[in-house]
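K.L.:
Sending over a structure as structure tokens; questions will come in a sec.
The values are calculated or read from the model by the stated rules, or taken from the named source; none is laboratory data. Quick caveat: nothing in here was measured; it's all calculated off a predicted structure. Virtual Cβ from ideal backbone geometry, glycine too; neighbours counted across all protein chains shown. Just the protein is used for accessible areas: all its heavy atoms, side chains included, with ligands, DNA and RNA removed. Shrake-Rupley method; radii C 1.70, N 1.55, O 1.52, S 1.80 Å.
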Amino acid sequence: MKKLIMAVIVCLTFSTTAIHAETRISLGGNVGYFHYKETQYDTTLCKDYGFLPGVNAGVLFKEKAWWIRGTFDLNLTHGATYKGQTQTGEPLKFDNEHETIWTIEGNIGYTFAADLTWGILDITPYTGIGYRHWTRGEADAETGNYEEVYKWVFLPLGINVIYNSDTRPWSAGVDLAVLFPLSPKLDVHLHELDPAFEDVKLEPQWRPGFRIQIPLSYKFSPHWAVYVVPRYTYWALEESKIEEQTGWQLYEPASSTHHFTVKIGISYSF
């Protein structure tokens, strides 16, 4: 029993000090799919869905146990599908919906390194701040479509776990985060559809979202590596208050967004 305890102590020791500072810059592309829907009383009012390609960039800085990360993602398409109804309740569907979603986020964390016999496990609880901006639709008198802009600041609270090894060129991990939107806003650009209308500002109520990422990396030189990061992000908002507009009562229904992405790119470390 004593030998077993000593073996465990030798094989698994925790440290909060990294060996050296490292900066990593990354750039790549995104392939993805999203599904957005608005609901009321368990009834689906409308949906937006389709493939959503894009680009990503990031920087990671590690100094001793401190871990700082910045990321930027841009995803857009002019070929999403809208399926819903008009203001009078008539079914409506078209396949040229414009979608542009960009997100910027900064994180700071503190790494606890588990030194195992088969490698090093870096465990980094982190927080930070981010901003999400989504432009949905465009003015189209034929379909009655109009542009909406959703935007909010959010606070992530997560944990990043990465396996590294000095003898293996690859690394893998998992990154989990709960996302807290702060005062979501929605700008409805009705004047672009009809100059007689005024734009409306709505404030949906927030709910926590979450994100899971699986970062995979393969280093093919001392400085260069390729990465693949499957990611799933979930957002949800509650119904907004009603706003009056030229005889209409306008509001934003409760909604949810499922966004699946695979980030593929190349990184340089120094």
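K.L.:
Normalising by the residue count of segment 21-269, find the relative contact order in percent from Cα pairs under 8 Å and 6+ residues apart.
P.N.:
17 percent
K.L.:
Using Cα pairs closer than 8 Å and at least 6 residues apart in sequence, work out the relative contact order for segment 35-104, in percent.
P.N.:
28 percent
K.L.:
Let me ask something additional. Once the convex hull of the C-alpha atoms of segment 93-239 is built, how many Å³ does it hold per residue, rounded to a whole number?
P.N.:
So the per-residue hull volume is 143 Å³.
K.L.:
For segment 21-269, with every protein chain kept in place, what is the accessible area per residue (1.4 Å probe, Å²)?
P.N.:
On a per-residue basis, 51 Å².
K.L.:
Could you tally the net charge around residue 51, taking each other residue with its Cβ under 14 Å from the Cβ of residue 51, Lys/Arg +1 and Asp/Glu -1?
P.N.:
Neighbourhood net charge equals -4.
K.L.:
Right, something else. Return the equivalent ellipsoid semi-axes of segment 21-269 as a descending list in whole Å, where each equals the square root of 5 times an eigenvalue of the C-alpha gyration tensor.
P.N.:
The three semi-axes for segment 21-269 are 40, 18, 15 Å.
K.L.:
With a 1.4 Å probe and all protein chains left in place, how much of the accessible area of the chain comes from carbon and sulfur atoms, in whole percent?
P.N.:
64 percent
K.L.:
Further question on the same structure: No solvent, one uniform scatterer per C-alpha: report log10 I(q)/I(0) for segment 80-148 via the Debye equation at q = 0.15, 0.16, 0.20 1/Å, two decimals.
P.N.:
One equal scatterer on each Cα of segment 80-148 leads to -0.66, -0.70, -0.87.
K.L.:
What is the distance in Å between the Cα centroid of segment 96-150 and that of segment 164-227?
P.N.:
A separation of 1 Å, based on Cα centres.
K.L.:
A further question on this structure: Per DSSP helix of 4 or more residues, -39500 (n - 2.57); summed, then divided by the residues of the chain. What does that give at 222 nm, rounded to the nearest 500?
P.N.:
The helix-only estimate for the chain comes to -1000 deg cm²/dmol at 222 nm.
K.L.:
Report the local net charge at residue 270: Lys and Arg +1, Asp and Glu -1, summed over other residues whose C-beta lies under 10 Å from its C-beta.
P.N.:
Here the count lands on 0.
K.L.:
Can I ask one more? Which of 65, 165, 224 sits closest to the plus end of the dipole of the chain, meaning its Cα is farthest towards the positive end, when Lys and Arg get +1 and Asp and Glu get -1 on the C-beta?
P.N.:
With unit charges placed on the Cβ atoms, the residue in question is 165.
K.L.:
While we're here: In debye, nearest 20: dipole of segment 21-269 around its Cα centre with unit charges on the Cβ of K, R (+) and D, E (-)?
P.N.:
Charge dipole, segment 21-269, about its Cα centre: 1440 debye, nearest 20.
K.L.:
Another question, then. For a test of the definition: using alpha carbon positions, the gyration tensor, and the 1.5 limit on a/c, classify segment 183-234 as rounded, prolate or oblate.
P.N.:
Since a/c reaches 1.5 and a/b is larger than b/c, the shape of segment 183-234 is classed as prolate.
K.L.:
Search the structure for amide H atoms under 5 Å from the amide H of residue 52, placed 1.01 Å from N in the peptide plane, and list their residues when 5 or more places away or on another chain.
P.N.:
32, 33, 34
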